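One structure is given below, represented as structure tokens, and several questions about it will come after.
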Amino acid sequence: MGSARPRQREPATLAELEEEYLEKTRSTFYGDAIAFAEGTIPQSIAIAFCVGVVCGVVAYVYYAVNDYFLELIWDEMPEWFVIDRWPEELYVLWIPLCTVALSLCCGLSIYYLGEPGDLAYTIQCIHEKGYKATSHIVPMVAASQFTILAGASLGPEAPLVAICAATAGFLSRKVFKQRNRNVVRKHTFMGMSGALAAFFGVPLGGSIFALEVASRFGVEYFEHLAESIFAGEICVVVFRALAGLPLGSIWKIVEEPMAETHPTEIVLGAGIGLLGAGVAYLWANFHWRLMAAFRDAGLLDDENRFAVRRVLVGAVAVAGIGVLVPHTMFWGEFEIGTIATLSPAKDLPHVWPTSGLLGFEMDSMTNCLIVGFCKLVAISFTVAGGFRGGYIFPFFAAGAAFGRALCFAFPSINPAIATLCFAAGINVAITRTALATSLILAQLSGELHVLPVLVAASLVSLFATGYMPFIKSQLARSDIDFSLYYRRKTLPRIQDSYHTLDHAKDAVDED
């Protein structure tokens, strides 16, 4: 983020305050628009529109390619090569065959194309430079596509954030010739917000998530919030129009959405959020020990010399768990609909065969707990194995399983409250995104009246895990006290280069 700037003189009178404000907007709207003045409202509108459109197209291409190959590998190819050709008892071998083969492709892409980075590295770039280098785009596209297609427990959200962040930073610096670091950072946030708004189909929640995830307690880059949400709105229109996807709920947890919320349910949500935070704490400690085991085995290195070996170790664990518990396969966005409603395994949307080796079903409290814990273990091995992707939906899926287990123990709890609040508790503990997580879960479930309950669960989890930072690159701003009142000549400028940051290993490998 650069060295801290000296504290500026604060305006002493209303007249001076107005002068500071008018200096920030430069002149009139028309004058700023003609001059395309740096950081002004007209410039922000124009660049947000451009970033939203471009990132919407980028997100659509990524989605279309991924969706095509998912259907090809896990739906059509079994019909071509397996069904009625293999003995039925051997159908389950399709899971490890595809997972290991595509994981090998992931490892090879990292070895030959270079370091893709991850969410922690993207956040580090935002703080230190204000943008992410475009050299990471191709490696991230390749590694994340193979990760998702392999059925590993990471999703498209973090790759899209990284890709659109780099794209927006490129547009800001190279197309619009911006040199003000905080202005470039704003445009990078626009790309991140667009990616998450498009992917989640929740413009407000997705945009806030992009800013909230950069820090550990709330939105610290608050001066970029309005423009980032606007870019998210543009991006979601472009992406969803191209993909032919509506905005709305994708899960139906209960037959009838809750019509109202009672104060006691808010208290209940807070308690479930605390349980989710406890599970997240246990998972984080397990994951750090697993990373240490990978490091002791010599699988972690800066140059990715052992990327293939590392990915294959993770693939064996992911495939083994998936064969026994198919509910743990893939990133969980659509699997949540099956998990949260205790639907039969045949309704699982991606994995084939859905029965796995044992014909596993979520028909008891024990089996729900098995799905929850196995999903968390699968996430950990996916991350430790060096796969690339996001863990938001995977944590949601694990939380949904634990929530259903809670309903077996306390049948009077509404399944929507149990599953969504547990999902929020786990995800917020890791990502530190209390506001965005609540908005996203409420809209995707169609349970808008659960929002106050979700906020309670999220905030309790945020506070309970405040001393357990998982993403090490989430930092507080050194200029937080006067970020909105600065003289341009004192603001650090970005360098005109494409050099990348040296990785902080804790941020890249362990997060």
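The values are calculated or read from the model by the stated rules, or taken from the named source; none is laboratory data. Nothing here was measured: the structure is a model prediction, and the numbers come from that model. Positions of Cβ are backbone-derived with ideal geometry, glycine not excepted, and every protein chain shown enters the neighbour counts. Remember, those area values only see protein heavy atoms, side chains included, never the ligands or the DNA or RNA. Shrake-Rupley method; radii C 1.70, N 1.55, O 1.52, S 1.80 Å.
What list of ³J(HN,Hα) values in whole Hz, one per residue of segment 49-54 in order, does the Karplus curve 6.51 cos²θ - 1.76 cosθ + 1.60 (θ = phi - 60°) give from phi, with Gly and Pro shown as x?
Once θ is set to phi - 60°, the couplings for segment 49-54 become 5, 5, 4, x, 5, 5 Hz.
Pop a pseudo-label 7 angstrom from the Cα along the beta-carbon direction at both THR134 and PHE410 and give the gap in nm to one decimal.
Once both label points are built, they end up 5.3 nm from each other.
Label-point separation (nm) for ALA101 and ALA46, each offset 7 Å from Cα along Cα-to-Cβ?
Inter-label distance under the simple model: 5.1 nm.
Same structure, new question: Convert each backbone phi in segment 295-312 into a coupling constant with the Karplus relation 6.51 cos²θ - 1.76 cosθ + 1.60 (shift: θ = phi - 60°), then list the ³J(HN,Hα) values in order as whole Hz, x for Gly and Pro.
Each residue's phi maps through the Karplus curve to give 5, 5, 7, x, 8, 9, 8, 5, 8, 6, 5, 10, 4, 5, 4, 5, 5, 5 Hz.
Can I ask one more? Which value, in nm² and rounded to one decimal, describes the direction-averaged projected area of the C-alpha convex hull of the chain?
For the chain, averaging the hull's shadow over all directions gives 24.5 nm².
Label segment 88-217 by shape, choosing from rounded, prolate and oblate, from the square roots a ≥ b ≥ c of the eigenvalues of the Cα gyration tensor; if a/c is under 1.5 it is rounded, and otherwise prolate applies when a/b is larger than b/c, oblate when it is not.
Taking the square roots of the gyration eigenvalues as a ≥ b ≥ c, segment 88-217 is prolate.
I need to check one value: relative contact order of segment 278-427, counting alpha carbon pairs closer than 8 Å and at least 6 residues apart, in percent.
Relative contact order comes out at 26 percent.
Under the 0.36 nm per residue contour assumption, what length would be gained going from the current alpha-carbon distance of ARG85 and ALA226 to full extension?
Gain on stretching ARG85 to ALA226: 45.1 nm.
PRE reach from THR264 (point 7 Å along Cα→Cβ): which of segment 416-454 fall under 20 Å by backbone N?
Label zone hits: 416-422, 449-454.
Among rounded, prolate and oblate, which fits segment 295-446 when a ≥ b ≥ c are the square roots of the eigenvalues of its C-alpha gyration tensor, a/c under 1.5 means rounded, and a/b larger than b/c means prolate?
Oblate, because a/c is 1.5 or more while a/b does not exceed b/c.
Something else now. Could you state how much accessible area ARG309 has, in square angstrom rounded to the nearest 10, with a 1.4 Å probe and all protein chains kept in place?
140
Using only Cα atoms, tell me the angle between helix 415-431 and the longest principal axis of the chain; keep it within 0 to 90° and round to the nearest 10.
It is inclined by approximately 60 degrees.
Any idea what the relative contact order of the chain is, in percent, if you count C-alpha pairs under 8 Å spaced at least 6 apart?
With pairs under 8 Å counted, the relative contact order is 23 percent.
Moving on. Could you work out [θ]222 nm for the chain from helices alone, using -39500 (n - 2.57) per DSSP H run of at least four and dividing by all its residues? Round to the nearest 500 deg cm²/dmol.
-19500 deg cm²/dmol
Quick query: amide H of GLY390 versus all other amide H atoms, modeled in the peptide plane; which residues come in under 5 Å with a sequence gap of 5 or more or a different chain?
When sequence neighbours closer than 5 places are left aside, the close amide H contacts are GLY155, GLU157, ALA158.
Put +1 on the Cβ of every Lys and Arg and -1 on every Asp and Glu Cβ in the chain; which of GLY117, TYR281, ALA317 then has its Cα farthest towards the positive end of the dipole?
Projecting each Cα onto the dipole axis, the largest value belongs to GLY117.
Hey, another quick one. Kindly state, to the nearest 0.05, the FRET efficiency for ALA241 paired with TYR112, given R0 = 35 Å and r defined as their beta-carbon distance.
About 0.50, to the nearest 0.05.
Using a 1.4 angstrom probe and counting only protein chains, how large is the accessible area of VAL175 in Å², to 10?
Spelled out: VAL175, probe radius 1.4 Å, area about 80 Å².
For segment 218-261 and segment 66-90, what is the centre-to-centre distance using only Cα atoms, to the nearest Å?
34
In the chain, how many lysine pairs have Cα atoms under 26 Å apart, counting only pairs 8 or more places apart or on different chains?
Total qualifying Lys-Lys pairs in the chain comes to 29.
With only Lys, Arg, Asp and Glu charged, each at its Cβ (+1 for the first two, -1 for the last two), find how big the charge dipole of segment 151-211 is about the Cα centre; round to the nearest 20 debye.
With only Lys, Arg, Asp and Glu charged at Cβ, the dipole is about 520 debye.
From Cα pairs below 8 angstrom and at least 6 apart in sequence, can you work out the relative contact order of segment 17-169, rounded to a whole percent?
That works out to 23 percent.
Also, quick follow-up: Of ALA165, LEU104, ALA259, whose Cα points farthest to the positive end of the dipole of the chain (charges on the beta-carbon: +1 Lys, Arg; -1 Asp, Glu; origin at the Cα centre)?
Farthest towards the positive end: ALA165.
Right, here's the next one. Could you please state, rounded to a whole Å, how far the C-alpha centre of segment 313-384 is from the C-alpha centre of segment 387-402?
Spelled out, the Cα-based centre of one part sits 11 Å from the other.
Send over a whole-number figure in Å² for the accessible area per residue of the chain, probe 1.4 Å.
Per-residue accessible area for the chain comes out at 39 Å².
Let a ≥ b ≥ c be the square roots of the eigenvalues of the Cα gyration tensor of segment 151-222; is it rounded (a/c under 1.5), or, if not, prolate (a/b larger than b/c) or oblate?
It is oblate, given that a/c is not under 1.5 and a/b is not larger than b/c.
Any idea what the dipole of the chain comes to, in debye rounded to 20, about its Cα centre with Lys/Arg Cβ at +1 and Asp/Glu Cβ at -1?
Charge dipole, the chain, about its Cα centre: 1580 debye, nearest 20.
Percent of accessible area on the chain owned by carbon and sulfur, 1.4 Å probe?
65
A further question on this structure: Could you give the dipole magnitude of segment 294-389 about its Cα centre, charging the beta-carbon of Lys and Arg +1 and that of Asp and Glu -1, in debye to the nearest 20?
Once rounded to the nearest 20, the dipole reads 220 debye.
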